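Laboratory data are not the source of any read-out in this text; all were calculated from the coordinates shown. Note that the coordinates shown come from a computational prediction; the quantities given were computed from them, not determined experimentally. A quick note on method: Cβ atoms are made from the backbone with ideal geometry, for glycine too, and the neighbour counts reach across all protein chains shown.
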Ligand SMILES: Nc1ncnc2c1ncn2[C@@H]1O[C@H](COP(=O)(O)OP(=O)(O)OP(=O)(O)O)[C@@H](O)[C@H]1O
């Protein structure tokens, strides 16, 4: 699969074709939830791609398949041309992943946390100290680097987790709800760090979020996901333009209007109806992050 546009021969960062994933439960695994239902998706090399949708839409399941943390029972996923089913370790070497779950250790300093990741990801010993310092500097944690992570604010913890993911110099950074539960200032600083690293390295970023304003401001293209399917895909402006053409009375649609148009319901309603358990789980994750 080659990249689109003029950058021919450069493989796309991610290609998903007809991706499906179901969770089975019950004694005989007879009850199934189809979390991902035929997703076709391309993330172009160098872009910031946002997977946007309410709780339970299937975003996390999709990125867990892309990051090789879930098998792909049906469909195909490639990362920079590597099939995740056949070249799992090659794919993992190309990735940095910041999951929703807390991945920093409170009882270690920021520097120790990042060093741990440098060792796990085989950063050469001779380069390790320098690379750790660079990763901490990239997320503006140089001054706090030798403090215990348990003393960090929620925003600092998220930036520390970014540094952990960046220390192996990934070509693709995958972030699952990177700003969930943060105040607006901390959210902005997380995005500024992501943006600065991307400008400096040309790294591709795949991010899930349900914050429409962030997607609008920071993502080059977005995929609107609901109930396991991609409902619409394009730049924020392209999606708004499609709504303007199809609903002329909406002269200045927001991304919320775009979601409502393509998913047939409000993003907020999707959250309230399907996201209660996720919301509690997420609030707890956030509390443990900050606490
Ligand atoms: N381990 C699991 N076992 C059973 N069902 C699951 C599991 N993980 C997710 N699901 C279900 O799969 C569907 C998609 O969940 P997923 O976490 O991918 O959505 P999401 O868009 O990332 O939402 P959230 O941000 O709330 O995690 C939901 O219906 C969810 O309840």
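Subtracting the Cα-Cα distance of residue 101 and residue 249 from their residue separation scaled by 0.36 nm leaves 49.1 nm. The stretch between residue 151 and residue 37, if pulled fully straight at 0.36 nm per residue, gains 36.9 nm over its current Cα-Cα span. The modelled label-to-label distance for the pair residue 130/residue 213, using points 7 Å beyond Cα in the direction of Cβ, is 4.1 nm.
What residue among 50, 81, 155 has the largest mean-square fluctuation in a Gaussian network model of the chain, using Cα springs under 10 Å? Result: 81 has the largest fluctuation of those listed.
The simple spin-label model puts a point 7 Å past each Cα toward its Cβ; for residue 235 and residue 93 those points are separated by 3.5 nm. Working note: Cα atoms of the range 14-284, range along each principal axis, descending, whole Å: 57, 46, 35. Treating r as the C-beta distance of residue 169 and residue 17 and R0 as 41 Å, the FRET efficiency rounds to 0.90.
Shape class for the range 87-129, computed from the alpha carbon gyration tensor (a ≥ b ≥ c): oblate, with a/c not under 1.5 and a/b at or below b/c. Taking the helices alone, the chain has a mean residue ellipticity at 222 nm of -12500 deg cm²/dmol, built from -39,500 (n - 2.57) per DSSP H run of at least 4 residues and averaged over all its residues. Each Cα pair under 8 Å and six or more residues apart adds its separation to the average, and for the range 14-284 the resulting relative contact order is 24 percent. Remark: spin-label model distance residue 142-residue 220 equals 2.9 nm, labels positioned 7 Å along the Cα→Cβ axis. Length gained on full extension, residue 25 to residue 188: 54.8 nm, using 0.36 nm per residue less the C-alpha separation. Once Rh is set to the Kirkwood radius over Cα pairs, what Stokes-Einstein translational diffusion coefficient, in µm²/s, holds for the range 24-73 at a temperature of 4 °C and a viscosity of 1.567 mPa s? Approximately 101 µm²/s, per Stokes-Einstein.
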